[in-house]
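The values are calculated or read from the model by the stated rules, or taken from the named source; none is laboratory data. Remember, it's a predicted structure, so these values are computed and weren't measured experimentally. Here the Cβ is made from the backbone with ideal geometry for all residues, glycine too, and neighbour counts use every protein chain on show. Surface accessibility is based on the protein's heavy atoms, side chains included, excluding ligands, DNA and RNA. Shrake-Rupley method; radii C 1.70, N 1.55, O 1.52, S 1.80 Å.
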Amino acid sequence: MIAMAFAGMLNGHACIRKAQKAMPSSLTILVMDTTQALLNGAQVTAGKTVYTTSFDGRVVLKPEQLNGVNRLQVACEGYKSLKVQEFKEFKEFKGFKVNDSTLIVRLVPTGEKTHNGRILSPRRTTDDVFYSLSAEPRAAMSEKMAVTMAVADAAVPEEMAEEMESMVVGYASNNIEAGKLTAGEVNDFAKWYFWPKILDETHAQFVKTWRIEPRHRYTVQVMNKDGYPIASRAVSLLDNSGNTLFQAVTDNTGKAELWYQLIGNHLCGKHADFYLLVDGQKQKAKDVYEGLNTFVLDEPCEHGDEVDVMFVFDATGSMGDELRYLQAEMKDVIARASDATGGLNIRTGAVVYRDHSDEYITRLSRLTDDIKTTQAFIDKQEANGGGDYEEAVPEALMAAMNSAGWNESARARIAFLILDAPCHTDSATLALLHEQVLNAAALGVRIVPVVCSGLGESGEYLLRSIALATNSTSFFLTDDSGIGHTHLKPTTDSLKVEHLNDMLVRTIVEFSAMVACTPSSGIHADRVDEQFIPNPFSQSDLEADPTIPHGEGIHYLVDVSGKLISIYEGDIDGYLRYTLPHGVYFVKTYIQGKWYTKKILL
């Protein structure tokens, strides 16, 4: 049997942290304005203590901080202050006893002016707008489109507003429909042997830029004694001193991806031994290695039917060439997803973001089972602002991770990150980015980047690394649709072009499909079309690299998402029965220049 060469990665940004306990009962105060923009720097006064919101627009208060507090007051410069006791639904706020409740406070701007029902920000001027326009680096954007997207929401003379309104509406209604965008998937878990080439050759310079390095990988498979996968269980990688090095949550197949030395410049020295902490149970260090680590819990087979899906997208001016198409795609995907997953309870939400110099940084529509709420929020967004290439990606992730209201017991938590530019690379921005990537992994939120026109190789490396760190995959829009400007061709051995719409739906299915606890109920995962399961290597790689085993008797085992689990030599059936949980798997074999695929229901 040939062991799989897992190269991993992670680091000790978390070296200073001990294993965390579950959060106590708390009240989250979420502060936003009337456009659902999250307010950074808002002051929440509880008794005599003042708390300040961050980029995620929130303050979290524990019961002891609310002891003796009869009312809350929320204030922010440029907005009318508000007392919580004025909300009828919180008239019994005194004596508060709940678990992780969220109080949403919406502040109304002072001196707010409107034109045709649209809010015109009092904080922007025409000088700001045209400075933003002149700084826009995307020369390929047409002059008309640049003006439309740069000034659509600005405070401008009334006679100009009507003309701009017609320009935006005319663009939005110009033959926009779902199913037109094309894309290709790059699943680096499916072709793990190709990833070292990215790290050490083609994108080596960007490892230092972003200080994130997916190299040392520890995969944990959690199942019960009857062989059923256990989803949504916390898994941690610990050093021999008990420090938490990385935290993750098992996915719908019962697997979690843990990384050592993921984030650069936070090393705590070398660690001779590692431990796994799975649902509070500790595994011996000698049993932990880079590869597949199996953990069995004495629990019944049971899982809920909840799935959380967030859409996080860049709404700056440079996204104007594709944003309306993406809005149509997201609406259609939301409508199809429930049927495609066999009637699972899918909650949806969205975050839109721009940058620090814009009218807002992030807007949020929290996760809800009312699909119409998410669709309405997405529909009313417009591309505007930006000013420079980099955008507020870490702040968007912060809002999505902390303020969306994720269901910790859901079988899948997915965040589609739709963008055409990365963030800045200063130390403060990178620290926030790293924190939110680690936060996503610890919450079990799988970030799926959807790369639009304009992104370069540096951003490609960052987004593929984020996908790996959160146990996910990456999508890249292509030029095949004829929509938008030139798209980056990702560095990979082969790229299958599909409709983005189908890819999004298929990913929701793959990330939420679970084996039924009773055989008569069937296996949901067999809806996955095996034609989309990628081969782990290209023919040229196999022929050029003699170190990659292949041929008759060599089997590559992948799961429903195409993730390469291991490589086996000889009889694979016995190993499958006693080592892996029930589910759908694919065995791929390369013989004499051809790939063969066998589907297995275990």
* Please list the equivalent ellipsoid semi-axes of segment 412-468, computed as the square roots of five times the alpha-carbon gyration tensor eigenvalues, in descending order and whole angstrom. => 18, 16, 8
* Structure fact -> Expressed in nanometres to one decimal, the distance between label points 7 Å along Cα→Cβ at SER54 and ARG336 is 3.7
* So what is the diffusion coefficient of segment 225-358 in µm² per second by Stokes-Einstein at 25 °C and 0.890 mPa s, using a Kirkwood Rh over Cα pairs? -> 132
* Asked: How much length is gained on full extension from LEU297 to VAL497, taking 0.36 nm per residue of separation minus their Cα-Cα distance?
  -> 67.9 nm
* Could you tally the net charge around GLN436, taking each other residue with its Cβ under 11 Å from the Cβ of GLN436, Lys/Arg +1 and Asp/Glu -1? => -3
* **segment 329-484: projected area of the alpha-carbon convex hull, averaged over directions, in nm²** => 9.6
* To do: Using a cut-off of under 18 Å, list every residue of segment 362-380 whose amide N is near the label point 7 Å from the Cα of GLU408 along the Cα-to-beta-carbon line.
  => 367
* To do: Would you rank PHE55, PHE586 by solvent-accessible area, highest first, keeping every protein chain in place and using a 1.4 Å probe?
  => PHE55, PHE586
* For the pair ILE548 and SER26, what calculated FRET efficiency results from E = 1/(1 + (r/R0)^6), where r is the Cβ-Cβ distance and R0 = 45 Å, to the nearest 0.05? -> 0.35
* To do: May I ask you to give the percent of accessible area on segment 340-444 that is carbon plus sulfur, with a probe radius of 1.4 Å?
  => 46
* R0 = 35 Å: FRET efficiency of TYR289 with THR209, Cβ-based, nearest 0.05? -> 0.70
* Given a cut-off of 32 Å, name the pairs among LYS255/LYS489; LYS83/LYS380; LYS380/LYS599 whose C-alpha atoms lie farther apart than that in the structure shown. => LYS380/LYS599
